Amino acid sequence: SQQGEEDPQALSIQEGENATMNCSYKTSINNLQWYRQNSGRGLVHLILIRSNEREKHSGRLRVTLDTSKKSSSLLITASRAADTASYFCAARGQAGTALIFGKGTTLSVSS
Amino acid sequence: DTEVTQTPKHLVMGMTNKKSLKCEQHMGHRAMYWYKQKAKKPPELMFVYSYEKLSINESVPSRFSPECPNSSLLNLHLHALQPEDSALYLCASSPTWARGPQPQHFGDGTRLSIL
């Protein structure tokens, strides 16, 4: 069964705007990761946030984690056409358990 | 360019054929993974290898047979596949399997079509 559920399923914005994607998960986690997948390519790891962290930044990316609500959000600021891709959250429980991916959000950024 | 290399990029095979997918990484990672991804769906874990030993098999049908000949290579042997097995097969690796939070590094996948 899936651990993560993203919303929205699809998001269309203009270049320069911010994009926010949300992820909810079901059980307790050790960490939550976000990945990007360009069409026809493999997944690229973007950022990892541990269960004892609340917010993390990496360049134009900001991730928050609320373990009480079992949810996370990914914010991409000042989006670019090159950010067009599918974005997946992936939750991991204790060591030795599998990384479970959410359904993903498809982001389209038009110039 | 990805650090995990998968070959072939595309594969078309009949239901009676036997073929193999190959994955290679030279990052010194000791955990390697096979995922199956259908169109517009998230990746689904199939197998996990840790230190060349099979650690997880997510109830995958026996027509998929994984093999880890050494710490850099991971194969997926295919035999008597069904049309519903058509998908993108992704290989990934990480430093270890059981220890701590670690990102996974993915290859670009093999797109498999079963006729």
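Identify the trypsin sites (Lys or Arg not before Pro) of region A:33-78 meeting these criteria: DSSP loop state and at most 14 other C-beta atoms within 10 Å of the C-beta.
Here the trypsin sites (Lys or Arg not before Pro) that fit, given the DSSP loop and packing criteria, are A:R54, A:R60, A:K69.
Can you tell which of A:Q33, A:Q14, A:Q94 shows the greatest fluctuation in a Gaussian network model of chain A with Cα springs below 10 Å?
Checking each option, the largest mean-square fluctuation is seen for A:Q94.
If neighbour count is taken as other Cβ atoms inside 10 Å, put B:F106, B:F64 in order from fewest to most. Write out the running numbers ahead of the final one.
Numbers: B:F106 24, B:F64 19.
Listed from fewest to most nearby Cβ atoms, that is B:F64, B:F106.
Quick one: which residues, 5 or more positions from B:A80 or on another chain, have an amide H under 5 Å from its amide H? H modelled 1.01 Å from N in the peptide plane, none for Pro or chain starts.
Under 5 Å from the amide H of B:A80: B:N17.
Specify the inter-centroid distance of region B:1-26 and region A:76-111, based on alpha-carbon positions, in whole Å.
That distance is 25 Å.
Roughly how many debye, to the nearest 20, is the charge dipole of the protein assembly as shown about its Cα centre, given +1 on each Lys and Arg Cβ, -1 on each Asp and Glu Cβ, and no other charges? Can you show the working numbers first?
On the way: 26 positive and 19 negative charges, 48 e Å.
Roughly 240 debye, rounded to the nearest 20.
Could you list which residues have their amide H under 5 Å from that of A:T84, counting only those 5 or more apart in sequence or on another chain, with H placed in the peptide plane?
A:V109
Report the calculated FRET efficiency for A:V44 and B:R63 (r = Cβ-Cβ distance, R0 = 30 Å), to the nearest 0.05.
0.50
Sort by residue number and report every cysteine in the protein assembly as shown with no other cysteine beta carbon within a distance under 4.7 Å.
Taking the Cβ cut-off of 4.7 Å, the unpaired cysteines of the protein assembly as shown are B:C68.
Taking the Cα centre of region A:1-52 as origin, work out the dipole magnitude from +1 charges on Lys and Arg Cβ and -1 charges on Asp and Glu Cβ, in debye rounded to 20. Let's see the in-between values first.
Details: 4 positive and 5 negative charges, 62 e Å.
Using only the charged Cβ atoms, the result is roughly 300 debye.
If you put +1 on each Lys and Arg Cβ and -1 on each Asp and Glu Cβ, how big is the dipole of region A:1-102 around its Cα centre, in Debye rounded to 20? Don't skip to the answer; put the middle values down first.
On the way: 12 positive and 9 negative charges, 65 e Å.
Result for region A:1-102 is approximately 320 debye, rounded to the nearest 20.
Pairs A:K69/B:K40; B:K22/B:K53; A:K103/B:K22; A:K26/B:K41; A:K69/A:K103: which exceed 23 Å Cα-Cα?
Over 23 Å apart, Cα to Cα: A:K69/B:K40; A:K103/B:K22.
Convert 25 °C to kelvin, take the viscosity as 0.890 mPa s, use the Kirkwood radius over C-alpha pairs of the protein assembly as shown as Rh, and evaluate the Stokes-Einstein diffusion coefficient in µm²/s, rounded to a whole number.
The Stokes-Einstein estimate is 136 µm²/s.
The numbers here are math on the coordinates, done by the rules we state, and not lab data. Quick caveat, the model's predicted, so the values are computed rather than measured. A quick note on method: Cβ atoms are made from the backbone with ideal geometry, for glycine too, and the neighbour counts reach across all protein chains shown.
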